[in-house]
Every structure is written in C-alpha cells, then in structure tokens.
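Q: First the structure, then my questions, so here it is.
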Amino acid sequence: MGIYAGVDCGTQSTKVILIDTEMGEILGSGSAPHPLISESNGKREQQPEWWISAFQQAFSNAIKNAGIMPEKIHAISISGQQHGLVVLDKAGDPLYPAKLWCDTETNDENETLLAEMGGVEACLEKLGLVLATGYTASKLLWLKRHQPEVWRKIDTVLLPHDYLNYWLSGNKVMEFGDASGTGLFNIYQRDWDQRIIRLIDDSGVLEKALPRLIQHNQVVGTVLPEVAAILGLNPNTLIAAGSGDNMMGAIGTGNIEAGIVTLSLGTSGTLYAYSEQPIKPISAAIANFCSANNGWLPLICTMNVTSATSLVQDLFQLNLVDFNQQLKNASLGADGVMMLPFFNGERVPSLPTAKASIHGLDNKNFTSENVCRATVEGITFGLRYGLALFKQSGIDISQIRLIGGGAKSEIWRQIVANIMNCEVICLRNSEAAALGAAIQAAWLHQLQQPNQSRDEKALFKEINQRFVVLDKTTLTLPNMSCVAQYNDIYFKYVRLLTEYYLEK
C-alpha cells in the first residue's frame, strides 16, 4: 500500500496523477503543455527534451495539488503517445526531433514497405496487423533515406514512453504493448519481426539499435540518483514497464475483460476492446495491438471527431453550450441532411485523400441546427462502421465506456447509444491513460513485495476496480424507436460512402 504516480505524455501535454492505494483515492493531478512542430508537408515532430520539461512541471503541480512529499511515492509508470520515433546516439542523446504518430511525411516509405511485405493481406498474415503511415517503421525508413548522417549515428531506437523511462532510470527497454504499434513487431509471437527489420535496413544498424523487450509485469529499474534529486523522489522508487496511451487508457477505463469497448470522442476517435487471444481481423482497419495486461487490444481509429465539430462551431460562431443546444433543436436524422465529415481524410475506412461533404440539402433543411446534428451523426456513423468490423471479427460488446471531450455532451451520449444500440456510460476520472499508468505502477510495486501471495490477475483486477469508477449519472440506454430510425439512416450513410468513395 502507498502512493503511486501515473504519467501520460500526450501530443499536446503531459499529465500526472497521484493515487493512494491505502485510502483508495486520487490525491491530485497536474499537467503542462508542450509545443508541436507542424508543417504543410505532413511533418509533426517534437523535441524529446520538451517532454522532460513538461513532465517535471506536471509532476511538481501534482505534488503541490496532492499536498504530499514526493519521497513517499513508491513507483511511477509512464503512458506515452504511440508510434513515435526517438533515436539516440551512443551517449544517449537525441539525434533528431521525434516524429509523432500523426506525422504523414513518411507516407511514401509506408507504401514502399507495404508493397515489399506483399501487400495488405500478406502483411496482415505475417505481422498480425497492416503497416500504416503513422507507425514507427515508415519513420525509420524515412530517416534512413532523408537523414543518412543521422542514420549512421543511431545507437538506440525508442518510443516516447521509453524515452521518459530511460531519462528516469537510465535503462533502454521497450514493452510489448507499445512495441506492437511500431510495425516492427509480430503480435502473434510477441517479438521483433526480422523480415520487416531487414526490409528497412539489412546492414544491422537497426537490428542492433532495437532495445530489449520486456513484459507488462516487469520493472524497468529504479530512478537514477540525479533524477531523484531533481524530483525529490526516493532513489528506490520503481519505474514500471509503462505502455502506449491506448493500452493505458484501456486499464484506466476498466477495459481489462471481454465485453467492454472504450470509445474516445477526442480530436480523433478510437475504439478498443480487450481480448484474451489475438483476433483474426476481417479488415486491415483493425490494429491488432497487444494490451498492457498480457492480452490483446484490437483497435480502430477514425480521424474526424471533435476536430470536425470544432470546425462547425467556428463556422457558426458557437460556444460548446450553444452547439449542444443546436443538436437538441434538430430532429433525429437532421431533416435528411447527411455529412461525410472527412476534413482530415479518413483512416476507417482508409480514405487518406478524402474531403468532407454535405448531402441532402434543400431550401428548408439548410439550417445551422441540421448541419451541427448531421456532423455529430456522421462522426458517430463512422464509429459505428468501425464497431461493425469489431463484431464481424468476433468481438462481443455489452457496454461502451466513453472518454474524451465529446463524452461530456449528454445529447451526444444519447446519439451514440442509439446509433450503436448499446449501453453507454462515462467514468468519474476522464484522464484514463494517466490513471491506467498509476494503477499499473501500484500493481507492479505490490507484486514485488516479499509477502505478496495473491494471484497476479486477481490483484490487478482488485486495484483496477478500486480506482476505475463509473459515473452512474451518465448511464445512457438506447431508445429502441430511435435505434430503428438510425438503422435506416446508417444504411443510407453506407450507401453514400460506397457511392462516393469505396467504389472508386
């Protein structure tokens, strides 16, 4: 029993949550932003030292808000944005800005690797997932092609959460869950895939640079004395394995058993579910990742969620309250107005060059209310398209747990429940990834205790249930009359999608 820190290093900011397992409470939290290097050619990068600065500030804020002494923290676990690329030299210093999950500058390299793997079906069969532009693999090939001087100096390849683990502990390792999103990893064998590694580089540079793989229940190390002095930590503080943000988000939403789907209504949209076994995806759209609790985490990502609603809000100069009122004022189906909200292209289905479009307008239904409603319905239809792929792959769904900014909207929650025909609920704590990391830290530290006799899975579930609290006031059940209406409209959406994009 004791105090534990969970850290989520995201694209826009780093967040820290402190929990006390003896009291069963979240003691406090803190956050700090970091900038983004963004260019029109698809470049999305960050300097790794920005994460360290943000972590230190967020950690300091969390300690202050919790009112504790930092030396009381027993263990820390890091959640990080998936798919990034951090390359270090022999001294352990970054050689190049980190290319992020949302970087599309490497699209040509991804197409090259996908073709050399034998195409979509062959890649799915060999790796258990299909290479995507956002994954680490194409970033490595891009670096080799465009920055040969940097490439020759590479000593270690890490992901963002691994880099923070390295800064804290001095150890360079990578955990299965986050590694499964690199495109270099075989999710069936849970090991590096030599085939794809040698397609990128047959000189041995990359193979030697990949870190040792560790499992979810392994300790990275203890905090370095010099870092302990900076943060005020006890030098015996454990550093847990950590994982990618989606893996930790699953833990932080209690998505650790079959039947639950976590749906994030954030800038983009994600759907993921726990599986005891690797599934056989019926579609390349399903990323068949490993989880951070010894299972698998099939995941689907759509590109346009609150990024799309924000554009509509700006167009009509609506604040969030007014936007939600517009949704309520419009009728189900938006009087025949339908939106394909592909402002940023789309990943599911794979339409990287698609544009957004509005359909069914006439001189009576062209209102701001209907455009707002059609946008939210179009976004949610796209997520249902992904959910249907889950179901066709054998994933059972009994409850959807909503996170992200869009989950705060009561009307949007009802739209999700009606379109998905599924029970929907939110959580008391919205920082799912940071909370998931804190839970992992507590679990791993308690596993190390000499008097620990409980089963690993039972202990994990016990800690998870103590801190993952459902907000029963948000429980939303589908209205069966609305479900039937939305079924008809959804099939019109699919026909429209097929006509404009999928048959071309």
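Q: With a point put 7 Å past each Cα toward its Cβ, work out how far GLN465 is from ALA229 in nm, to one decimal.
A: Between GLN465 and ALA229, the label points sit 4.6 nm apart.
Q: Just subtract the alpha-carbon distance of GLU410 and LEU447 from 0.36 nm times their residue separation and send over the number in nm, one decimal.
A: Working: separation 37, 0.36 × 37 = 13.32 nm, distance 4.01 nm.
Gain on extension, GLU410 to LEU447, equals 9.3 nm.
Q: Hey, how many Å between the Cα centroid of region 81-115 and the Cα centroid of region 33-70?
A: 19 Å
Q: OK, next. If you filter region 46-96 for trypsin sites (Lys or Arg not before Pro), then keep DSSP loop positions with at most 13 other Cβ within 10 Å, what is left? Write down the numbers at each step before the final one.
A: On the way: sites: LYS64, LYS72, LYS90; in loops: LYS90.
Here the sparse-neighbourhood loop sites are LYS90.
Q: Related question: Grab the Cα-Cα distance for LEU502 and GLN392, subtract it from 0.36 nm times how many residues apart they are, and report the gain in nm with one decimal.
A: On the way: separation 110, 0.36 × 110 = 39.60 nm, distance 1.88 nm.
Length gained between LEU502 and GLN392: 37.7 nm.
Q: While we're looking at this one, here's another question. Give me the angle, in degrees from 0 to 90, between the Cα long axis of helix 48-66 and the longest principal axis of the Cα atoms of the chain, rounded to the nearest 10.
A: It is inclined by approximately 90 degrees.
Q: Around PHE316, under 13 Å between beta carbons, what's the net of Lys plus Arg minus Asp minus Glu among the other residues?
A: Details: positive: ARG373; negative: ASP314, ASP322, GLU369.
Net charge in that neighbourhood comes out at -2.
Q: Right, another one. What are the ³J(HN,Hα) values, in whole Hz, obtained from phi via the Karplus relation 6.51 cos²θ - 1.76 cosθ + 1.60 with θ = phi - 60°, for each residue of region 350-355 in sequence order, with x given for Gly and Pro?
A: Karplus-based 3J(HN,Hα) across region 350-355 equals 6, 9, x, 9, 5, 10 Hz.
Q: Hey, another quick one. Using only Cα atoms, find the angle between the long axis of helix 480-497 and the longest principal axis of the chain, and express it within 0 to 90 degrees, rounded to the nearest 10.
A: 80 degrees
Q: Report the calculated FRET efficiency for LYS90 and ASN363 (r = Cβ-Cβ distance, R0 = 51 Å), to the nearest 0.05.
A: Between LYS90 and ASN363 the formula returns 0.15.
Q: Just to be sure I understand the model, the point goes 7 Å from the Cα along the line to the Cβ. What's the resulting LYS457 to ASP488 distance in nm?
A: 4.6 nm
Q: So, one more: Relative contact order for the chain using alpha-carbon pairs under 8 Å, separation at least 6, rounded to a whole percent? Walk me through the numbers on the way to the answer.
A: Values: 1125 pairs, mean separation 76.6, N = 504.
Worked out over the chain, it gives 15 percent.
Q: Then there's this: Can you tell me which of 465-471, 214-220, 100-106 comes out highest on packing, and rank the rest after it, using the mean Cβ neighbours within 10 Å? Could you put the intermediate results ahead of the total?
A: On the way: 465-471: 16.3, 214-220: 18.7, 100-106: 22.0.
Result, highest mean first: 100-106, 214-220, 465-471.
Q: Rounded to the nearest percent, how much of the accessible area of region 445-504 (1.4 Å probe, protein heavy atoms only) is carbon and sulfur? Could you put the intermediate results ahead of the total?
A: On the way: 2040 of 3950 Å².
Accessible surface attributable to carbon and sulfur in region 445-504 totals 52 percent.
Q: Next up: Restricting the count to DSSP beta bridges whose residues both fall in region 131-240, what percent are antiparallel, rounded to a multiple of 5? Don't jump to the answer; show the numbers that get you there.
A: On the way: 5 of 8 bridges.
Looking only at bridges with both residues in region 131-240, the antiparallel portion is about 60 percent.
Q: Could I ask something else about it? Averaged per residue, what accessible surface does the chain expose to a 1.4 Å probe, in Å²?
A: Details: 19920 Å² over 504 residues.
Ligands and nucleic acids excluded, the figure is 40 Å² per residue.
Q: Once the piece of chain linking GLU111 and ARG428 is laid out straight, how much longer is it, given 0.36 nm per residue of separation minus the C-alpha distance between them? Could the numbers behind the result be given before it?
A: Working: separation 317, 0.36 × 317 = 114.12 nm, distance 4.19 nm.
Between GLU111 and ARG428, full extension yields 109.9 nm more.
Q: Of (1) 36, 28, 21; (2) 108, 30, 18; (3) 41, 23, 22, which one was derived for semi-axes √(5λ) of the Cα gyration tensor in Å from the structure shown?
A: Given (1) 36, 28, 21; (2) 108, 30, 18; (3) 41, 23, 22, the calculated one carries the label (1).
Q: Given the C-alpha centroids of region 460-504 and region 160-193, what is the distance between them in whole angstrom?
A: Going from one Cα centre to the other spans 32 Å.
The values are calculated or read from the model by the stated rules, or taken from the named source; none is laboratory data. Computed from a predicted model, the values in this text were never measured in an experiment. A quick note on method: Cβ atoms are made from the backbone with ideal geometry, for glycine too, and the neighbour counts reach across all protein chains shown. Surface accessibility is based on the protein's heavy atoms, side chains included, excluding ligands, DNA and RNA. Shrake-Rupley method; radii C 1.70, N 1.55, O 1.52, S 1.80 Å.
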